[in-house]
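Student: Would you mind keeping the following structure in view while I ask a few things?
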Amino acid sequence: MKKYDLIVIGGGSAGIGAALSAKKAGTAKILIIEKDINLGGILNQCIHDGFGVHLFKKTLTGPEYAYFLEQELAKNEIDILKNANVTNISRERELTVYIAEKSVKTFKAKAIILTTGSYERSAGAINLPGERSAGIMTAGQAQYFLNMKGYHFAKDVLIVGSGDIGLILARRLTLLGIKVHAVSEIMPYSSGLKRNIVQCLDDFDIPLYLSHKVIDVRGRPRVKEVDIAEIDREGTVIPGTLKTFKVDTLLLAVGLIPYIPLSDKLSNPVSRSRGPFINSNYQTKTPWLFVAGNALHIHDLADDAYFEGEEAGIAASLYIKDELLAMEEKVKVEAGNGVLYVLPNTVALPLNSEALVLKFRPSKDGINKRIAVKLDGEVIFKKFYPFLFPSELITMKINKDLIKSGVNLQVEVINE
């Protein structure tokens, strides 16, 4: 059994950020375990640009971004194990790893960081009505076929879901000469960045139908027709709003969910972000297990996942060196009015940094709103936002002097 100070599970942007920051913080023996044959995770199938603006100060494609990250790893003595899948973590911090077509090995670590990313909701997950025909696939599968295999699988497409992946895929398909008839969104607002709506739909005259859901899929052996209709606030179909699209492909871009089975095996509770319950040190209820990236909550930008990985790597390094400040007090963090979720779930006092970083999403669009942070009912911080969108994660820093003690901290949207 080989022993390490730190093992990072997942070699995407968050995992690489965690490993590099831990190394810089003085952690000696680090291993990254990646299930794919290449580092970078989902970056490798995202050939559009827009990555790396904050980290590398230039616009890169997903594969370019992954390449630059791997170059940074090459400058450090960090072990990398690819094409390997962690099947179990014991409470003794032992990892069982299946190495494809080779063997099963065990490793042990003083601390582990989970950066396993996310997975897509499928047709079954959303109870898609109608026939289960060929031509129904997730947006991620479509990206893989197009960008990594060069396989043009469609002529006429309807996309369900207006997240960034769906929007970017609409543009990609259109540029390939594939007709994208529309994007259908069940919510009354898009879950994608506003710039992507403009650049990927408006610029190509692709309709976006908000508050619409699929009510039937027909066709054998392949999709031939898809019906959508408008719904009211209760989710009931509004009569007379039926729209039928003659398409051969239905792409589902209906959201990502943190992939956390390894955390679940350790009985760590799950928060409203769908990721593990964490404190302000990115620690789960299992104190040597840290979480970052899309395994914790879904990020808008790969840069943000990388920076979050850095923060988790620093915290894990402090833990390994027994320098993580003792958690003498825990402040419960709650999502208040107008907030979908907020991280961390608890604040470990005293803080290990000069500021508490809060990350949260509004539950709906808003204009000229203020975000208030309350500690035991008293407002300790406010900030004005001319626009709020559920599609855009908000990061807020609160000076440590404002949170020296307390029981409940709440983040909410207020009207002022």
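The values are calculated or read from the model by the stated rules, or taken from the named source; none is laboratory data. Bear in mind the structure is a predicted one, so any value in this text is a computation, not a measurement. Cβ placement follows ideal geometry from the backbone for every residue including glycine, while neighbour counts extend to all protein chains displayed.
Student: Residue pairs, Cβ under 6 Å, 6 or more apart or interchain, first in region 303-315 and in contact (Cβ under 8 Å) with a residue 60 or more places away in the chain, second surrounded by fewer than 24 Cβ atoms within 10 Å (Cβ to Cβ) and outside any helix (DSSP H, G or I). List them.
Tutor: Matching pairs, first to second residue: D303/H54; D303/L55; A305/H299; Y306/L55; I314/A25.
Student: With the structure loaded, tell me whether M137 is over 22 Å from G219 (Cβ atoms), out of contact with any Gly (no Cβ under 9 Å at 6 or more places or on another chain) and in contact (Cβ under 8 Å) with a residue 24 or more places away in the chain or whether it fails that test.
Tutor: no
Student: Could you list all residues from region 350-383 that are more than 24 Å from K332 (Cα to Cα) and either surrounded by fewer than 17 Cβ atoms within 10 Å (Cβ to Cβ) or in contact with a Lys or Arg (Cβ under 7 Å, 6 or more places away or on another chain) (or both)?
Tutor: Within region 350-383, D365, I367, N368 meet the criteria.
Student: For V53, are the conditions met, namely being more than 26 Å from K3 (Cβ to Cβ), of a type in the set (A, V, I, L, M) and in contact (Cβ under 8 Å) with a residue 12 or more places away in the chain?
Tutor: yes
Student: Further, regarding this structure: Taking the options Y98, Y65, Y151, Y144, name whichever one is surrounded by fewer than 15 Cβ atoms within 10 Å (Cβ to Cβ) and of a type in the set (F, W, Y).
Tutor: Y151
Student: What pairs come up if the first residue lies in region 149-164 and is free of Cβ contacts under 8 Å to residues at least 60 places away in the same chain, the second is part of a loop (DSSP other than H, G, I, E, B), and their beta carbons are under 8 Å apart, counting only those six or more places apart or on different chains?
Tutor: H152/L176; H152/I178
Student: Starting from residues that are of a type in the set (F, W, Y) and surrounded by fewer than 18 Cβ atoms within 10 Å (Cβ to Cβ), keep the ones in region 384-415 and report whichever is farthest from the chain's Cα centre (by Cα).
Tutor: Only one residue fits best here, namely F384.
Student: What number of residues in region 182-235 are of a type in the set (D, E) and farther than 21 Å from G130 by Cβ?
Tutor: 5
Student: So, in region 125-154, of the ones that are in contact with a strand residue (DSSP E or B) (Cβ under 6 Å, 6 or more places away or on another chain) and in a helix (DSSP H, G or I), which residue ends up nearest to L176 (Cα to Cα)?
Tutor: A142
Student: Confirm whether V379 is assigned to a strand (DSSP E or B), outside the structural domain of G313 (by TED's automatic domain parsing), more than 23 Å from the chain's Cα centre (by Cα) and β-branched (V, I, T).
Tutor: yes
Student: Check whether at least one residue in region 33-48 is of a type in the set (V, I, T) and in a strand (DSSP E or B), and report yes or no.
Tutor: Yes - at least one qualifying residue is present in region 33-48.
Student: If you take the residues in region 173-192 that are over 22 Å from the mean Cα position of the chain (by Cα) and of a type in the set (A, V, I, L, M, F, W, C), which one is nearest to T244 (Cα to Cα)?
Tutor: Checking each candidate, the answer is A182.
Student: Of all the residues that make up region 395-408, how many are in a strand (DSSP E or B) and out of contact with any Lys or Arg (no Cβ under 7 Å at 6 or more places or on another chain)?
Tutor: Residues meeting the conditions: 3.
Student: Now for a different question. Quick one: which residue in I298, I206, I228 is buried (at least 19 other Cβ atoms within 10 Å of the Cβ), assigned to a strand (DSSP E or B) and of a type in the set (A, V, I, L, M, F, W, C)?
Tutor: I228
Student: Residues in region 193-201: is at least one in a helix (DSSP H, G or I), under 24 Å from the mean Cα position of the chain (by Cα), surrounded by 15 or more Cβ atoms within 10 Å (Cβ to Cβ) and among the β-branched types (V, I, T)?
Tutor: yes
Student: Pairs please, first residue from region 269-281 and under 14 Å from L324 (Cβ atoms), second anywhere and of a type in the set (V, I, T), Cβ atoms under 8 Å, 6+ apart in sequence or on different chains.
Tutor: Going by the 8 Å Cβ cut-off, the qualifying pairs are I278/T284; I278/V291; I278/T346; N279/T346; N279/V347; S280/T346; S280/V347; S280/V357.
Student: Given the residues E311, E328, E323, which is the only one that is of a type in the set (D, E, K, R), at pLDDT 95 or above and more than 30 Å from L210 (Cβ to Cβ)?
Tutor: None of the other options fit; the residue is E311.
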